[in-house]
Amino acid sequence: MNVLRTAVTGVGAYLPERIVTNAELAQRVDTSDAWIRERTGIAERRQVADGQATSDLALEAANGALTAAGRTAAELDLIIVATTTPDLTFPSTAAIVQRKLGCPILVAFDIQAVCSGFVYALSVADGFVARGLSKCALVIGAESMTKLMDYDDRGTCILFGDGAGAVVMEPVEGRGDVTDRGLLGFALRCDGAKQDLLYVDGGPSTTGTVGHLRMAGQQVFRHAVVNITEGVEAAARIAGVAVPDVDWFIPHQANMRILQGVAHRLGVAEDKVICTVDRHANTSAASIPLAMAEAIADGRIKPGQLLLLEAMGGGLTWGACVLRL
Ligand code: ACO
């Protein structure tokens, strides 16, 4: 049976230049390089420059993805930006990216699912592309998470960083089985009852402020391992693949111990796990496309391989997706 699939045809990424090491953070809060490395695996993170907005990071990643796909901004008909740190309350960061790219009028909007945003956005893009409603879509995960940090809270300010990753997505014909190129299956979840475990304590309709990120670290950790495992197994079932058979596991980069714990529970070999958390920290919706871009650029991920993506974040939200590059 011929089916329309949504294929990733180009990947791009961008990291701000400024590197913030653990040692630098230790001058601001009561922590140490050794504590951060041991509990999280993080050695450093990037930070946006003054005057650099989330849309600026997104734009750089978008241009990289367009070049990799051999497409121009003029060919785009859909832009989705997954972000929890938009430039402004409105317009959407996607609309700002459209203006900066100089695209013609198209469909553009943001998705807010925090760290799960990129996986959610892929599924929404698939709803357009695989129904023939988009011929060339751009999905971006872009975040300035350092703007949400309370630098008096050592339990959170060490965990996050800034960056952006992007993919171009286009329709391809498939046979309707696991040999197809493109997105093969998703599972998305949200449990709003767990809001208090991970949230930002500000917003336009409540405090009128941007707010700071608040987290019950240990409880988030426990939910992460259990929830992600269930979401991944559901996505793999829908895609018709066995988890250990994937070529690469690309988890949201929150904490090395969560990555390893989930991979272990799923039976994924350690050398199949793409890991950037040591250098990027947690870049929320940007972390998966950033990791994907790095592993494609260094030749680990090759066309035709089967990828498993997963994330969990504020909401709580979580989700996973299986795709063949
Ligand atoms: N430096 C030194 N000590 C610290 C630091 C720090 N940066 N942060 C906390 N501590 C202290 C605590 O105050 C506590 O001290 P106490 O025993 O004297 O009270 C001690 O370390 C232990 O604190 P815990 O919170 O129990 O430490 P834990 O081992 O759980 O590590 C961490 C904390 C790293 C935050 C961990 O819970 C974690 O990674 N949780 C998951 C967080 C996460 O990944 N969130 C994001 C996922 S969703 C998203 O991406 C938005």
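Computed values, structure above
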quantity: Only listed residue being closer than 22 Å to Phe118 by Cα, of a type in the set (Gly, Ala, Ser) and within 16 Å of the ligand (Cβ to nearest atom), chosen from Gly182, Gly192; calculated: Gly192
quantity: Among (1) under 18 Å from the mean Cα position of the chain (by Cα); (2) part of a helix (DSSP H, G or I); (3) within 11 Å of the ligand (Cβ to nearest atom), the one test that Leu290 misses; calculated: (3)
quantity: Gly176 part of a loop (DSSP other than H, G, I, E, B), out of contact with any Pro (no Cβ under 9 Å at 6 or more places or on another chain), small (Gly, Ala, Ser) and within 16 Å of the ligand (Cβ to nearest atom); calculated: no
quantity: Residue check for Ile296: buried (at least 16 other Cβ atoms within 10 Å of the Cβ), β-branched (Val, Ile, Thr), part of a helix (DSSP H, G or I) and not assigned by TED's automatic domain parsing to the domain that holds Gly155; calculated: yes
quantity: Residues of region 239-259 satisfying the condition of being within 16 Å of the ligand (Cβ to nearest atom) and buried (at least 17 other Cβ atoms within 10 Å of the Cβ); calculated: Ile250, Pro251, His252, Gln253, Ala254, Asn255, Met256, Ile258, Leu259
quantity: Neighbours by Cβ (under 6 Å, 6+ apart or cross-chain): first from region 199-225, exposed (fewer than 13 other Cβ atoms within 10 Å of the Cβ); second modelled with pLDDT of 95 or more; calculated: Pro204/Thr89; Thr209/Gly202
quantity: Count - residues of region 54-81 that are touching a Ser or Thr at 6+ places or on another chain (Cβ under 6 Å), part of a helix (DSSP H, G or I) and more than 15 Å from Thr283 (Cα to Cα); calculated: 1
quantity: Contacts under 7 angstrom Cβ, first residue in region 38-53 being closer than 14 Å to Thr283 by Cβ, partner hydroxyl-bearing (Ser, Thr, Tyr), 6 or more apart; calculated: Glu44/Thr21; Gln47/Thr146; Val48/Ser144; Val48/Thr146
quantity: Top-ranked residue in region 260-283 [being within 15 Å of the ligand (Cβ to nearest atom) and among the β-branched types (Val, Ile, Thr); ranked as modelled with the lowest pLDDT]; calculated: Val262
quantity: Single condition Thr84 does not satisfy, out of (1) outside any loop (DSSP other than H, G, I, E, B); (2) touching a Leu at 6+ places or on another chain (Cβ under 9 Å); (3) surrounded by 16 or more Cβ atoms within 10 Å (Cβ to Cβ); calculated: (1)
quantity: Region 6-37, subset free of Cβ contacts under 8 Å to residues at least 24 places away in the same chain and polar (S, T, N, Q), residue nearest to the ligand (Cβ to nearest atom); calculated: Ser32
quantity: Output for region 118-157, where each listed residue is within 11 Å of the ligand (Cβ to nearest atom), surrounded by 24 or more Cβ atoms within 10 Å (Cβ to Cβ) and not acidic (Asp, Glu); calculated: Met145
quantity: Residue within region 212-223 that is modelled with pLDDT of 95 or more and part of a loop (DSSP other than H, G, I, E, B) present; calculated: yes
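Results for (1) at negative phi; (2) modelled with pLDDT of 95 or more; (3) of a type in the set (Ser, Thr, Tyr), shown as yes or no for each residue.
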| position | (1), (2), (3) |
| --- | --- |
| Ser287 | yes, yes, yes |
| Ala295 | yes, yes, no |
| Asp298 | yes, yes, no |
| Ile301 | yes, yes, no |
| Gly304 | no, yes, no |
| Leu309 | yes, yes, no |
| Gly313 | yes, yes, no |
| Trp318 | yes, yes, no |
| Val322 | yes, yes, no |
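The values are calculated or read from the model by the stated rules, or taken from the named source; none is laboratory data. These numbers were taken from a predicted model, which means no experiment stands behind them. Methodologically, a virtual Cβ is constructed for each residue, glycine included, from the backbone with ideal geometry; neighbour enumeration extends over all protein chains shown.
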